[in-house]
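> Sending over a structure as structure tokens; questions will come in a sec.
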Amino acid sequence: MIKSVLIANRGEIAIRIIKTAKRLGIKTYVLLTKKEPNSLYVQEADEICDITETTSAIPEFLDIENILSVAVKNKIEAIHPGYGFLAESPYFAQRCKSEGITFIGPSPEVIYNMGNKTIARQIAIKHKIPLLQGSKQNVKSVKEALALAENIGYPVIIKAAAGGGGKGMRIVREKSQMSKMYNLARSESEKAFNDSAVFIERYIDNPKHIEFQILADSHGNCIHLGERECSIQRKHQKLLEEAPSVALNDELREKMGRCAIELAKAVGYENAGTVEFLLDGDNNYYFMEMNTRIQVEHPVTELVTGIDLVEQQFKIANGEKLNYNQENIKLKGAAIEFRVNAEDVQTNFSPNIGIVENIVMPKGENVRVDSGFTDKAVISPDFDSMIAKIIVYGKTREEAIKNSIEALNQVRIKGIKSTVPFFKAVLRNKHFINGDFTTAFLDKQMKKMYHQEADEDMIAAFLIYKTHMEEIEIMNSKDLDFGKGRELPPWQLTNRIKSL
Amino acid sequence: MQKSKKNKYHLVGTDKEYKIYENKQGEVIINGKKIEVSITPKDGFLELNHNGKTYFAEIVEKDQNKYVVLINGNTYKFSVETPISYKRKKILGMSLGRSSKYVVEAPMPGNVIEIMVEKDSEIKAGDTLLVLEAMKMQNEIISEVNGVVKKISCSTNSYVNKDDVLVEIEKS
């Protein structure tokens, strides 16, 4: 087995990888940066590689040469890239290879082919994978975009060829918007991926986003671990994911799963990967893209299959054969993941930067929390806004929803606002409960983006009233009780301390 | 002799108002109804109990008579008005904090990528005012009100800090 791994990532995913690596007896190394000197992931690792003194214009987790020099210097055998950052950089995977370091992921060629959406489309076409009508090549001008859209029919979507995560994506509903949207998509792609290439495809207004987890070893074995339902999104950013999806019956699951495996085999995929599909109202599915990394939402699959995906990643990278056949994979129960982001739902999900003064996460046998933060953690604008993932299990979907409501009620976060009130509203939404939702859920099926308990408004007024009375009392009695050591109720003390 | 209504105040929120006082027994009466709430500090939070329900709270901001609190992670803003100040504000038609000027502040530090509006442009609630790039995302800053743009206080490709004023709108 691999003896040591450098985790080229931070936050919850670094901690998640450390947990499995430790269990497998793999020594873990992490990077200590000056942006997050007291981070939790640093405390959890076996070895810390201090790169705080590094002077480079490239952000720490994107600095390929520096990361490699750390790995070489410490004689680390493997690198796990997590998600984001360099996870889908074919160049990084290639550089690992040439330094003799095991990259935990597929080959550089596969990352390149699947990472470039235009090439991925061409491979899918060749292997007769269902695909939305669209451009075969990158689109080079507004004029070309207009001609293509005319042929496909509006609405169309412009996507970054190098894209992912909703960046560089624009929907165009009519001719007049094309030039503006084309330029916006290009500039965003350029910024996010250093590549302004975009392509166009037919846009389905209300699809479901269904993705399949696959595992492929280096001996030609490939299986799927069922689907994840990721339709609850905002601006193409996933907020909540489930496994399994209510939209799939066994027959459709098997058909889509086979399709995912076919694609993985066609590109010579190796390691854990995800094939994303759009599913329309008539159960037609279309290949969208393949993610060649561990996904943020991987825990829901782990909970319903009982398989540790990170463990499988290490074993596959180690050249081992898969322990499972497709027949062994049974989906049991239901799991929901909530991405607790530092965002203010009441002001249009704007990022809420600040210090997490205090945080209480739910506990219980049906609850898993993957968190990268503890108290006093700074939510920095340098990184994304995710604080933690709460993953809840139930024997049935109904039970998972019920357990989720209980779990989210236990969450307490002080110092910043989070997406928890949003999830509380989702869990009570009848369309969500019935499973009749699509990616348009937030726009069309949610009237209010956050849940308020009965009387919350009045409770707020009460608290403010009481606090104000205390303030006045303090003002009025300042001279009188000076030095008397008057006893204060503790909550009043808290208020006073806070007001200092 | 003790007055029957003590500490009478109007709490004026964004969309709700409450009349609150204490009766002779020191009980809190909100809009004519006796309300019992216990306040206990727990794990660094304030826990409020009312009708068997638990709410967790945090006092976020205090500026003279204006307060911002979080209850269960939701923001509530109220200004505390005495009967006199309440009446005066009503008469002056200031409708308590609901002034006609709407100021859009940067919700986070970032770069202004594109400004979609001009001075004097008429806008509707939901219209995109500008695009602010932060946290590796292009965020559309959206107007919550209908009105006319009075002033643009930022420029394209400039860096703004959190809470910097971006646009001022005269509400219609």
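> Full-extension gain between A:Glu190 and A:Asp282, please, as 0.36 nm times their residue separation minus the C-alpha to C-alpha distance.
Length gained, A:Glu190 through A:Asp282: 29.5 nm.
> Could I ask something else about it? Counting Lys and Arg as +1 and Asp and Glu as -1, what is the net charge of the other residues whose Cβ lies under 15 Å from the Cβ of A:Ile261? Mind dumping the intermediate values first?
Working: positive: A:Lys128, A:Arg253, A:Lys255, A:Arg258, A:Lys265; negative: A:Glu211, A:Asp217, A:Glu227, A:Glu254, A:Glu262, A:Glu270, A:Glu276, A:Glu327.
Every neighbour counted, the sum reads -3.
> If you don't mind, there's one more thing I want to ask. What's the magnitude of the charge dipole for segment A:342-464 around its Cα centre, counting Lys and Arg as +1 and Asp and Glu as -1 at the beta-carbon? Answer in Debye, nearest 20.
280 debye
> Filter the GluC sites (Glu not before Pro) in segment B:17-50 to those in DSSP coil with at most 16 other Cβ atoms within 10 Å of their Cβ, and list the result.
Sites meeting the loop and neighbour criteria: B:Glu27, B:Glu36.
> Summing both sides, how much accessible area is buried between B and A? Use a 1.4 Å probe and give Å² to the nearest 100.
5400 Å²
> Continuing with this model, one more query. Modelled label-to-label distance, B:Asn161 and A:Asp205, 7 Å Cα→beta-carbon offset: nm?
4.6 nm
> Hey, another quick one. Loop-only check: which GluC sites (Glu not before Pro) in segment A:41-125 are DSSP coil with at most 11 other Cβ within 10 angstrom?
In loop regions of segment A:41-125 (DSSP not H, G, I, E or B), the sparsely surrounded GluC sites (Glu not before Pro) are A:Glu53.
> Using a Förster distance of 51 Å, how high is the FRET efficiency between A:Asn348 and A:Arg258, based on the Cβ-Cβ distance and rounded to 0.05? Provide the component values of the computation, followed by the final result.
Details: r = 41 Å, r/R0 = 0.80.
So the FRET efficiency works out to roughly 0.80.
> Looking only at other chains, what is the average number of their beta-carbon atoms within 10 angstrom of each beta-carbon in A:449-458?
For peptide A:449-458, the averaged partner shielding equals 6.
> State, in angstrom, two size descriptors of segment A:192-260 derived from its alpha carbons: Rg to one decimal place and Dmax to the nearest whole number.
In order Rg, Dmax, the Cα atoms of segment A:192-260 give 15.0, 41 Å.
> In whole percent, what relative contact order does chain B give with Cα contacts below 8 Å and a gap of six or more residues?
16 percent
> I would also like to ask the following. Need the C-alpha centroid separation for segment A:205-259 versus segment A:15-41, integer Å.
Distance between centres, Cα-based: 29 Å.
> Continuing with the same structure: Along its principal axes, what span do the Cα atoms of segment A:320-423 show, with the longest given first and each in whole Å?
Here the spans come out as 48, 36, 25 Å, largest first.
> Mind jotting down the three principal axis lengths of chain A based on Cα atoms? Whole angstrom, largest first.
Largest first, chain A extends 86, 55, 47 Å along its Cα principal axes.
> Let me ask something else. Select from B:Ser79, B:Ile123, B:Ile30 the residue farthest towards the positive end of the dipole of chain B; place +1 on Cβ of Lys and Arg, -1 on Cβ of Asp and Glu, and compute about the Cα centre.
B:Ile30
> Another one. In µm²/s, what is D for segment A:1-152 at 25 °C and 0.890 mPa s, where D = kT/(6 pi eta Rh) by Stokes-Einstein and Rh is the Kirkwood radius from Cα pairs?
Numbers: Rh = 17.5 Å.
D, rounded to a whole number, is 140 µm²/s.
> May I ask you to evaluate 6.51 cos²θ - 1.76 cosθ + 1.60, the Karplus curve with θ = phi - 60°, for each residue of segment A:77-91 and list the ³J(HN,Hα) values in order in whole Hz, giving x for glycine and proline?
6, 9, 10, 9, x, x, 10, x, 6, 9, 4, 10, 9, x, 5
> Run the quick spin-label model on A:Ile58 and B:Ile29: label points 7 Å from Cα toward the beta carbon, then report their separation in nm to one decimal.
Distance between label points: 7.2 nm.
> Which percent of the Cα-Cα distances in segment A:77-157 go past 14 Å?
In whole percent, the long-distance tail amounts to 69.
> Let me ask you something else. Any idea what % of Cα-Cα pairs in segment B:13-117 are farther than 20 Å?
Everything past 20 Å amounts to 58 percent.
> Next question. So, counting K/R as plus one and D/E as minus one, what does the shell of residues with Cβ under 12 Å around A:Lys34 add up to?
Local charge sum for A:Lys34: -4.
> Taking a threshold of 32 Å on the Cα-Cα distance, which of the pairs A:Lys27/A:Lys321; B:Lys62/B:Lys90; B:Lys53/B:Lys89; A:Lys140/A:Lys315 fall above it?
B:Lys53/B:Lys89; A:Lys140/A:Lys315
> Now, a different point. Note down the net charge around A:Lys389, summing +1 for each Lys or Arg and -1 for each Asp or Glu among other residues with Cβ under 10 Å from its Cβ.
Its environment carries a net charge of -2.
> Could you do me a favour and compute the accessible area per residue for chain A, 1.4 Å probe, result in Å²? Present the calculation step by step, with values, prior to reporting the outcome.
Details: 20730 Å² over 500 residues.
It amounts to 41 Å² per residue over chain A.
> Have a look at segment A:389-430 and report residues whose accessible surface goes down by 50 Å² or more when the remaining protein chains are included, against the chain on its own, probe 1.4 Å, ligands and DNA/RNA excluded.
A:Arg412, A:Lys414, A:Lys417
> Starting from the 7 Å offset along Cα-to-Cβ, what nm value, one decimal, do you get for the label separation of A:Ile474 and B:Asp120?
In this crude spin-label approximation the distance works out to 5.0 nm.
> Segment A:4-80: D in µm²/s via Stokes-Einstein (Kirkwood Rh, Cα pairs, 37 °C, 0.692 mPa s)?
It comes out at roughly 266 µm²/s.
> Right, another one. Can you pull out the GluC sites (Glu not before Pro) in segment A:328-359 whose DSSP state is coil and whose Cβ has at most 15 other Cβ atoms within 10 Å?
A:Glu357
> Convex hull volume of the Cα atoms in segment A:237-371, per residue, in Å³?
168 Å³
> To continue, here is another question. Normalized C-alpha radius of gyration of segment B:64-172, against 2.2 N^0.38 Å?
1.25
> Cα convex hull of segment A:338-482: how many Å³ per residue?
158 Å³
The values are calculated or read from the model by the stated rules, or taken from the named source; none is laboratory data. As the structure is a prediction and not an experimental result, all values here were calculated from the model. Positions of Cβ are generated from backbone atoms using ideal geometry, with glycine treated the same way; all protein chains shown enter the neighbour counts. We work out accessible area using only protein heavy atoms, side chains counted, and drop any ligands, DNA or RNA first. Shrake-Rupley method; radii C 1.70, N 1.55, O 1.52, S 1.80 Å.
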